[in-house]
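This report concerns only the one structure given below.
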């Protein structure tokens, strides 16, 4: 819950996919598939993740127009709606270095595995489930072959875990 990664990825069928991934556990806290990669879709998927898990301290994104208001030759740097949304929630926005996708490497790796295994899944949703709840992640607790959801619950502060469990019971 200290840092979430976020980015958009094009899918082979001309749709776009966004995912928010917890840095410490590798859990995809939420994702969405859309016809267009927009700020509204970025915010909606984020708000659903926050409703389920709570606010992270920071979010790391690239400088895509869905997340960031760039400055140009004829304009000063403004504040995007995404940046305003984060500020309103007390979330710090961290930006990837320009031309350095490795900064968001955990999410890039997540997307890369999907590209390799796309033929094994009927949908993005099925892949996310497999990633979160079935496939052990080798950089987590190797002795117990921990999945991202297990790591997330193990690493989450007790007060946040209790709130999440209460939310799950009331659904």
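Here, each number is a calculation from the coordinates, and none is a lab measurement. Given the structure is predicted, the values throughout are model-derived calculations rather than measurements.
Extension gain for the segment residue 144 to residue 122, taken as residue separation times 0.36 nm less the Cα-Cα distance, is 5.1 nm to one decimal. Working from Cα pairs under 8 Å separated by at least six residues, relative contact order for segment 1-47 is 31 percent. For segment 3-53, divide the Cα radius of gyration by the Kirkwood radius and give the resulting Rg/Rh value with two decimals. With Rg and the Kirkwood Rh in hand, the quotient comes to 0.98.
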